[in-house]
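Input: a single structure, listed below in structure tokens.
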Amino acid sequence: MKCKISYITLPVLLLGIIAVMSSCSHFLDEFSTDERYVENPKDLDYLMMGEAYLSTNGISIYPPSTMQTSDLETFNYPFLHVMDDDARMLLNGNVPQSDNLVTPLHLLAAMYIWAAEPCVDMLNKKWKDTNWQRTYKCIGAINAIIYQGQQMEASVRGHEVDSLRYYMGEAHFLRAFYYFFLTNVYGMPYNRATASKDFSVPLKISETIEDRYFTRNTNEEVWGQISRDLDEAVRLLKGYTPRTKLRAGYYAARALQCRVALYMEDYEKVIECASDFDHSSYQLINLNGYNATSNVLGKSSPEIIFTMSQNEIPAIFANDGTVYNSTTYMNDPATSCFCVSDNLLNTYEINDLRLHYFFRHTKTTNATMPDKYKTWVNYNDPEKVSATYLLRLSEIVLNRAEAEAMLGRTAEARQTLHRLRAMRFSEVNDSEVPTDEAQLVQFIRDERRRELCFEGHRWFDLRRYAVNSKYPLSSSFTITHPYYEYNSATGSVGRTGDYILESFQKDPAAWVIPVPDETINFNRGNITNLERNARTIHH
């Protein structure tokens with residue numbers, strides 16, 4: 001059957017749901033006027049690469065500004081990297097107060113202090129959180145691909161049978177990954193006891209347009225769909241390893257399934273998924289004797305399982321060490337941004353090699369910056385990996401260790417943890433690893449923070465720890481973000497106080513990013529946000 005795909009703009013839902021017009025009169029909406037005919041699995045592959053996967057375009061960084069509003073609106077959830085306790089602001093001189101001269105701090109300061117209106121810059125000018133629309137647009141394409149693939153199943157022959165199966169598996173994997181991010185950013189954290197009541201995001205998996213306004217689905221519904229998509233992805237991708245880490249194969253599906261099971265406290269499933277990697281080709285990097293100029297995160301790394309889209313970290317954590325061409329270093333004191341917090345750095349032991357390989361220091365301020373991905377200075381760097389849509393082996397090891405500890409298998413958890421620590425320390429001392437179950441769980445959480453920092457995990461982890469059924473994060477937990485101001489009279493920067501985020505139990509709205517206003521408006525208020533508190537500085 002020949003099916004005509006027609007992309008039509010339908011702004012009513014503002015959920016980015018693709019419209020498909022076929023000979024069967026099925027359609028969803030999209031955002032261009034392209035037309036193409038889907039006749040075979042290869043056509044689905046072209047549609048997958050053009051509409052379902054995120055672009056892997058590089059980033060541009062030029063002095064004296066390091067980020068424009070237009071850049072911010074192309075990044076994937078850049079605010080995730082500045083809201084947790086791993087980052088702090090770096091005010092290096094006077095922050096430019098101009099629309100055409102902006103810095104990461106200028107644009108993301110409101111997110112940094114968990115403001116009531118977080119999507120505004122220092123001039124109180126709104127910027128658009130495009131992640132919602134962009135992600136739902138991809139989901140709409142995926143819904144169309146899955147539908148068209150199902151229509152082809154009876155007619156494909158020969159090698160096309162396997163090709164179609166793999167493309168369908170990729171589609172289910174991507175849909176699960178996109179909903180994973182949407183619900184962890186814009187929904188409540190997953191709590192097994194209250195999942196049937198807690199709000200998530202609108203769930204749309206059909207290829208048809210529904211003549212209705214959308215509301216939020218529950219966590220039970222959205223996480224249930226994520227799990228079903230991953231089960232299907234694992235089934236369809238069994239035995240398939242793509243030629244590039246930019247495409248999803250069996251191990252990518254298993255890795256994401258392992259992560260989702262951890263969030264849902266299905267610890268036996270976590271161990272089952274992680275066990276699949278015991279005889280895979282993926283290996284942990286041994287930092288003992290590692291080349292200090294090499295990427296820890298790069299596509300050629302034996303740890304990387306899957307990645308897509310750009311890496312925003314060099315733009316957000318910029319300052320005076322930023323390279324904007326092959327020979328020149330920026331040395332501009334007006335480049336204010338974010339840096340690594342002392343709170344994070346103080347968790348590393350002196351013989352932890354990650355202190356050397358994961359971070360760098362700026363030239364003029366000696367501030368500490370993330371440096372796992374070092375070769376980003378080349379715009380079309382073939383080693384580029386994402387700072388969010390990334391799956392790697394060390395996470396799998398930590399997932400397994402946490403699951404084993406949660407199940408009371410402390411000896412196994414300590415042995416699993418040793419696999420990672422042996423590759424990260426100049427001299428590993430297992431006697432430092434607790435044997436008490438509760439203490440071991442906390443130790444593994446701390447190890448996860450040290451290993452996976454600035455990869456989009458910490459904010460999500462803190463949310464799930466808050467509602468964990470066995471060892472919840474204390475309600476007294478807080479994040480303290482120091483705030484600095486520039487004194488024009490003295491020409492100096494001083495700390496004026498702190499912004500403090502209370503625990504999820506005390507201030508849940510601050511732990512959920514608001515759905516964009518245009519989506520709420522177009523859905524006539526059927527989608528709502530929690531009311532966020534105004535922020536005050538603590539002197």
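The values are calculated or read from the model by the stated rules, or taken from the named source; none is laboratory data. All of these numbers come straight from a predicted model, not from anything done at the bench. Here the Cβ positions follow ideal geometry from the backbone for every residue, glycine too, while neighbour counts run over all protein chains shown. In case anyone asks, the SASA skips ligands and DNA or RNA and just uses the protein heavy atoms, side chains included. Shrake-Rupley method; radii C 1.70, N 1.55, O 1.52, S 1.80 Å.
Selection of first residues in the range 504-529 that are acidic (D, E) and of second residues that are assigned to a loop (DSSP other than H, G, I, E, B) and open to solvent by 10 Å² or more (accessible area, probe 1.4 Å), restricted to Cβ pairs under 6 Å at least 6 apart or on distinct chains, gives the following pairs, ordered by first then second residue: E518/L14.
I need a count of the residues in the range 337-354 that are under 23 Å from E312 (Cβ atoms) and of a type outside the set (D, E). Talk me through it step by step, then tell me what you get.
Filtering the range 337-354 down to residues under 23 Å from E312 (Cβ atoms) leaves 337-345, 354.
Remaining after also requiring of a type outside the set (D, E): 337-341, 343-345, 354.
Qualifying residue count, the range 337-354: 9.
In a loop (DSSP other than H, G, I, E, B), open to solvent by 60 Å² or more (accessible area, probe 1.4 Å) and of a type in the set (V, I, T) - does that describe any residue in the range 479-491? Checking the range 479-491: at least one residue is in a loop (DSSP other than H, G, I, E, B), open to solvent by 60 Å² or more (accessible area, probe 1.4 Å) and of a type in the set (V, I, T). Screening S476 on (1) more than 22 Å from G408 (Cβ to Cβ); (2) of a type in the set (G, A, S); (3) not in a loop (DSSP other than H, G, I, E, B) shows it passes everything except condition (3).
When S163 is tested against (1) touching an Asp or Glu at 6+ places or on another chain (Cβ under 7 Å); (2) part of a helix (DSSP H, G or I); (3) open to solvent by 20 Å² or more (accessible area, probe 1.4 Å), exactly one condition is not met: (1). Exactly one residue among V397, V385, V377, V441 is touching a strand residue (DSSP E or B) at 6+ places or on another chain (Cβ under 6 Å) and open to solvent by less than 10 Å² (accessible area, probe 1.4 Å), and that residue is V385.
Give the residue that is farthest from Q68 (Cα to Cα), with candidates limited to residues of the range 126-154 that are among the β-branched types (V, I, T) and not in a loop (DSSP other than H, G, I, E, B). Let's see the steps before the verdict.
Step one: of the range 126-154, the residues among the β-branched types (V, I, T) are 130, 135, 139, 142, 145-146.
So of that shortlist, the ones also not in a loop (DSSP other than H, G, I, E, B) come out as 135, 139, 142, 145-146.
On the way: T135: 21, I139: 27, I142: 30, I145: 34, I146: 36 Å.
Checked the range 126-154; the qualifying residue farthest from Q68 (Cα to Cα) is I146.
From the set of residues in the range 427-438 that are at pLDDT 95 or above and not in a helix (DSSP H, G or I), which is surrounded by the most Cβ atoms within 10 Å (Cβ to Cβ)? Residue satisfying both the conditions and the ranking: V433.
If you check L246 against the conditions, is it open to solvent by 20 Å² or more (accessible area, probe 1.4 Å) and under 17 Å from the mean Cα position of the chain (by Cα)? Criteria met by L246. Looking only at residues of the range 504-535 that are among the small types (G, A, S) and closer than 18 Å to A116 by Cβ, we find that the one that is most open to solvent (accessible area, probe 1.4 Å) is A534. Output the residues belonging to the range 379-426 that are part of a loop (DSSP other than H, G, I, E, B), among the charged types (D, E, K, R) and touching a residue at least 60 places away in the same chain (Cβ under 8 Å). If the condition is that a residue be part of a loop (DSSP other than H, G, I, E, B), among the charged types (D, E, K, R) and touching a residue at least 60 places away in the same chain (Cβ under 8 Å), then D381, E383, K384, R424 are the ones that fit. Taking the range 353-378 as the range and being in contact (Cβ under 8 Å) with a residue 24 or more places away in the chain and under 23 Å from N286 (Cβ atoms) as the test, the residues that pass are L353, R354, H356, Y357, F358, R360, P370, K372, Y373, K374, T375.
Would you confirm whether any residue within the range 288-301 is open to solvent by 20 Å² or more (accessible area, probe 1.4 Å), on the phi > 0 side of the Ramachandran plot and out of contact with any helix residue (DSSP H, G or I) (no Cβ under 7 Å at 6 or more places or on another chain)? Taking every residue of the range 288-301 in turn, at least one turns out to be open to solvent by 20 Å² or more (accessible area, probe 1.4 Å), on the phi > 0 side of the Ramachandran plot and out of contact with any helix residue (DSSP H, G or I) (no Cβ under 7 Å at 6 or more places or on another chain). For the range 410-426, the set of residues classified as closer than 20 Å to D278 by Cβ and surrounded by fewer than 18 Cβ atoms within 10 Å (Cβ to Cβ) consists of A411, E412, Q415, H418, R419, A422, listed by residue number.
Residues in the range 121-134 include at least one that is touching an Asp or Glu at 6+ places or on another chain (Cβ under 6 Å), surrounded by fewer than 23 Cβ atoms within 10 Å (Cβ to Cβ) and among the hydroxyl-bearing types (S, T, Y).
Taking T365, is it of a type outside the set (A, V, I, L, M, F, W, C) and at pLDDT below 90?
Values: of a type outside the set (A, V, I, L, M, F, W, C): yes; at pLDDT below 90: yes.
Spelling it out, T365 is indeed of a type outside the set (A, V, I, L, M, F, W, C) and at pLDDT below 90.
Against the test of being at pLDDT below 95 and in a helix (DSSP H, G or I), the options L123, L107 yield a single qualifying residue, L107.
With respect to the conditions (1) at pLDDT 95 or above; (2) out of contact with any strand residue (DSSP E or B) (no Cβ under 7 Å at 6 or more places or on another chain), T218 lacks only one, and its number is (2).
Annotation for the range 282-292: no member residue is touching a Lys or Arg at 6+ places or on another chain (Cβ under 7 Å), within 28 Å of E51 (Cα to Cα) and modelled with pLDDT of 95 or more.
Name the one entry in E451, E447 that is among the charged types (D, E, K, R) and either surrounded by fewer than 21 Cβ atoms within 10 Å (Cβ to Cβ) or part of a loop (DSSP other than H, G, I, E, B) (or both).
Values: E447 fails: either surrounded by fewer than 21 Cβ atoms within 10 Å (Cβ to Cβ) or part of a loop (DSSP other than H, G, I, E, B) (or both).
Of E451, E447, the one residue that is among the charged types (D, E, K, R) and either surrounded by fewer than 21 Cβ atoms within 10 Å (Cβ to Cβ) or part of a loop (DSSP other than H, G, I, E, B) (or both) is E451.
The conditions are (1) part of a helix (DSSP H, G or I); (2) buried (at least 17 other Cβ atoms within 10 Å of the Cβ); (3) modelled with pLDDT of 75 or more, and D320 fails exactly one of them. Which is it? Unmet condition: (3).
Scanning the range 442-474 for residues that are in contact with a Phe, Trp or Tyr (Cβ under 9 Å, 6 or more places away or on another chain), over 23 Å from Y112 (Cβ atoms) and of a type outside the set (D, E, K, R) yields a total of 4.
Hey, among A274, A255, which residue is crowded, with 17+ Cβ neighbours inside 10 Å, in contact (Cβ under 8 Å) with a residue 60 or more places away in the chain, aliphatic (A, V, I, L, M) and closer than 19 Å to Y190 by Cβ? So that I can check it myself, show each step before the final result.
Working: A274 fails: closer than 19 Å to Y190 by Cβ.
None of the other options fit; the residue is A255.
E268 meets all of the listed conditions (1) open to solvent by 20 Å² or more (accessible area, probe 1.4 Å); (2) under 20 Å from the mean Cα position of the chain (by Cα) but one, namely (2). Candidates are the residues of the range 110-120 that are of a type outside the set (F, W, Y) and part of a helix (DSSP H, G or I); the one that is farthest from W511 (Cα to Cα) is A110.
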